[in-house]
Amino acid sequence: MTVLAYSYERLVNAIAYFANQHEKVAKGPLYKTTLLKYIALFYYKVLLESGEPPLELNFLAMENGPVAEEIYVGLNEKALHAEEFEIYNSSDGQGDKILVKANKYDMDFFSEFEIEIMDSLIQEFATNYKNNKKIIDATHELPPWKNAWASRGKAGMRKMMDEDIFINKEKSLAEEHFAIYKGIKGISNAPYHR
């Protein structure tokens, strides 16, 4: 997947913001697993309300919930480089963990609506933070994760389908907008032939 400059800026600033705000409220570092859950919840809440994903990401259903493939690989392979945050390895006696430390962030890339959602997630999951069980449980309630996980067969993971966020919901303008968005996205990614 090709990520355009603007999309990349939104991604790295979202990561930095979650890292900064989580550390501030939880009084502790943001680990990779929790970051991946914040990103998934942010992504699907915005998509459900607006009909357009806030970030250009592909999600996989894994045992501990949704994982944005680009972030997961980027953090594990130290391929995600940005001046907005740093990636550290930490060992707590139970194995190595990756944590993210924010340097700076620019919220001008986000709407007030998107910032409100990020802040509500921080308040819900970083306040009284003990471990990531609560946020993992929340991501297990996302219809795209439930459907992908249930249909994975013997595989350890499966691609999630964004349109599944609208399952069991009344038809909405957001769902119609998503259908249009997806159609335009498909056309813009199509090879051009004369």
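Would it be correct to say that residue 56 is in a loop (DSSP other than H, G, I, E, B) and modelled with pLDDT of 80 or more?
yes
Inside segment 137-151, can you point out the residues that are exposed (fewer than 14 other Cβ atoms within 10 Å of the Cβ) and either of a type in the set (Asp, Glu) or not in a helix (DSSP H, G or I) (or both)?
Answer for segment 137-151, where residues must be exposed (fewer than 14 other Cβ atoms within 10 Å of the Cβ) and either of a type in the set (Asp, Glu) or not in a helix (DSSP H, G or I) (or both): 137, 141, 151.
Of everything in segment 4-63 that's in contact with a strand residue (DSSP E or B) (Cβ under 9 Å, 6 or more places away or on another chain) and among the basic types (Lys, Arg), which residue is farthest from residue 184 (Cα to Cα)?
32
For the condition touching a helix residue (DSSP H, G or I) at 6+ places or on another chain (Cβ under 7 Å), surrounded by 12 or more Cβ atoms within 10 Å (Cβ to Cβ), more than 18 Å from residue 41 (Cα to Cα) and not acidic (Asp, Glu), what is the one hit in 87, 115?
Testing whether each residue is touching a helix residue (DSSP H, G or I) at 6+ places or on another chain (Cβ under 7 Å), surrounded by 12 or more Cβ atoms within 10 Å (Cβ to Cβ), more than 18 Å from residue 41 (Cα to Cα) and not acidic (Asp, Glu) leaves just 87.
Can we say residue 80 is of a type in the set (A, V, I, L, M, F, W, C) and at pLDDT 80 or above?
Here the answer is no, as residue 80 does not meet what is asked.
How many of the residues making up segment 157-172 are loosely packed, with under 15 Cβ neighbours inside 10 Å and part of a strand (DSSP E or B)?
Residues flagged as loosely packed, with under 15 Cβ neighbours inside 10 Å and part of a strand (DSSP E or B) within segment 157-172 amount to 1.
Out of curiosity, is residue 154 without any contact (Cβ under 8 Å) to a residue 12 or more places away in the chain and assigned to a loop (DSSP other than H, G, I, E, B)?
Here the answer is yes, as residue 154 does meet what is asked.
If only one of 182, 134 is of a type in the set (Lys, Arg), over 21 Å from residue 60 (Cβ atoms) and part of a helix (DSSP H, G or I), which one is it?
Selected residue: 134, the only one of 182, 134 that is of a type in the set (Lys, Arg), over 21 Å from residue 60 (Cβ atoms) and part of a helix (DSSP H, G or I).
Is segment 60-77 home to any residue that is modelled with pLDDT under 95, more than 20 Å from residue 136 (Cα to Cα) and not in a helix (DSSP H, G or I)?
yes
In segment 15-40, how many are in a helix (DSSP H, G or I) and surrounded by fewer than 23 Cβ atoms within 10 Å (Cβ to Cβ)?
Adding up the residues that qualify gives 8.
The values are calculated or read from the model by the stated rules, or taken from the named source; none is laboratory data. As the structure is a computational prediction, the values presented were derived from the model and not from experiment. FYI the Cβ positions are ideal-geometry reconstructions off the backbone, even for glycines, and counts take in every protein chain you see.
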